[in-house]
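Trainee: Provided herewith is a single structure, encoded as structure tokens, for subsequent inquiry.
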């Protein structure tokens, strides 16, 4: 149970940290779109990842119908490699460039006299 609790705590931290990185990397106008794309990609990744892991485990069945431990080991290895690739992809998220705030003044209308 302690391992499960630590895993859930880590997942909650990652779920909160990556959207914050994304929000910091885009302009305020693009925040909704960027976080939406992040959510879609996480859902697709979870669906594909679970199907790949299930396929690997199902491909390693003993003659009596029980699962072979090598299937689980290979599935965890593939999942670990995927996690490393995802962590490296997070490093590619650019930060927002530090730019001084520019005060915009409305253009004054001049009339020719």
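The values are calculated or read from the model by the stated rules, or taken from the named source; none is laboratory data. Keep in mind it's a predicted model, so treat the numbers as computed, not measured. Please note: Cβ atoms are built from the backbone with ideal geometry, for glycine as well, and neighbour counts cover all protein chains shown.
Trainee: For the range 45-99: of the residues being more than 19 Å from the chain's Cα centre (by Cα) and under 22 Å from residue 20 (Cα atoms), which is modelled with the lowest pLDDT?
Mentor: Among those that are more than 19 Å from the chain's Cα centre (by Cα) and under 22 Å from residue 20 (Cα atoms), it is 99.
Trainee: Now for a separate question. Mind listing whichever residues of the range 46-78 are touching a strand residue (DSSP E or B) at 6+ places or on another chain (Cβ under 7 Å) and in a helix (DSSP H, G or I)?
Mentor: 57
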